[in-house]
Amino acid sequence: MPFKALHLADIHIGMENYGRIDPDTGLHTRLQDFVKCLGFAVETALEEEVDLVLFAGDAYRTCDPNPTHQLAFAAQFRRFSDAGIPVVMIVGNHDNPVSFGKATSIDIFGTLNRGEVRIVARPERLVIDTKSGKAQVACLPWPMKSTIMTQEQYKGLSETEIRTQIEDICTRIIQTFADEMIPDHPAFLMSHITATDATLAGTERAAVIGHDPTILTSVLANPAFDYVALGHVHKFQDLNPSGEPHVIYPGSVERVDFGEEHEACGFCIVEYEGKGQTSYRFIETPARPFVTIDVEIPPDEPPTEYMIRAIRRRNLTNAVVRVIYTVAEEQQHLADIKEVREALKEAFLVASIIRKTEAPERVRRASVSEELNIQEALDRYFENNPTLKPFVEDMKSYARQLEHELFEEEQGRMQNVEPGAKE
């Protein structure tokens, strides 16, 4: 019997950069953007009469969403329960608190007893009853380092060694899942993980490379599975386009920042017709456009008029826009930013207008020393690299999250040291 599933991931409700408060609702406009795109995915799935929903992690921006964000997410997913469609949700890195014993941000959905909603925080193989028969879902949530760091045999390992151990453990788990699959039912592998062949989007490149455990695409593409539903990477891609099985990142449903300016946002509708006959359709959401207008002004051109001509060549309706212009130092006083902003009035939001000056002399670099904390070091780094100004807030946010995770991990290690013991 034909079987149809919705595969989506990385919703990140609560990402409220590049927006403002809507005076009519009191809600942040970026929250409305993310909910709009999630609602579009839900509506499409209901129209397609899917049999199963596969959510591959990262419901919220943080592991402790506020009630407004929880309500926005729950209101959309409740529509699946109302329609009697089973949902399997795995925990992503943004859903998972670092501290041992704390609930994840999506655990509550498993307690509401509304339809068949399964929350998976540890590796588990599920058999789900749907209106079109049984489906198998092998679940591999985000692998937490703290899970193995508390075990005696892994204490004292370096970060690289811990990452290698996690990769080996995940590989063995996937093979175990593959061995347990029954050919008679659709078999899905769902994981929130980085695959070795994944192409990262924008700011993910700096945040992920060298830090995340990575799993070989060949391990994920085990033919025992009919479809591999991944989350974590914000760029839609099929890592095994020949199929058998397709290995898919659907990407995020809405753009997070300018690093995803050129990425399509969306989700996948998966159709299973039988063993070796699984296909998918990528469907784009109505994500808000992000547009960068990068202008290099020739010495013989008037800067203001040249920038305005460049702006008028772009469609800026409802877009978040930034302008980066390069101008000779002797011409910079001729740029009328007020006129440039007026030319940008069709945009939803003007994020920044940044001048890059062609200075005749090299500017002395601000010094960065080991005594500085992460935030102070970043401030010095941005002084040295003014062209990175559009990414300042995003990179500082990632740094704060990293500091928090490092602090929580250190606290966890201290709690596991027995009184009087030496580390």
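The values are calculated or read from the model by the stated rules, or taken from the named source; none is laboratory data. This structure is a prediction, so every number in the text was calculated from the model and none was measured. Counting neighbours? That spans all protein chains shown, and the Cβs are built from the backbone with ideal geometry, glycine included.
Here are a few things to note about the model shown:
- Hits in the stretch 48-61 (condition: under 12 Å from Lys4 (Cα atoms) and free of Cβ contacts under 8 Å to residues at least 60 places away in the same chain): Glu49, Val53
- Residue tally, condition modelled with pLDDT under 90 and not polar (S, T, N, Q), over the stretch 336-361: 5
- Output for the stretch 222-277, where each listed residue is of a type in the set (Gly, Ala, Ser), buried (at least 24 other Cβ atoms within 10 Å of the Cβ) and within 21 Å of Leu126 (Cα to Cα): Ala229, Gly231
- Flag for Thr160 being of a type outside the set (Gly, Ala, Ser), at pLDDT 70 or above and more than 26 Å from Pro250 (Cβ to Cβ): yes
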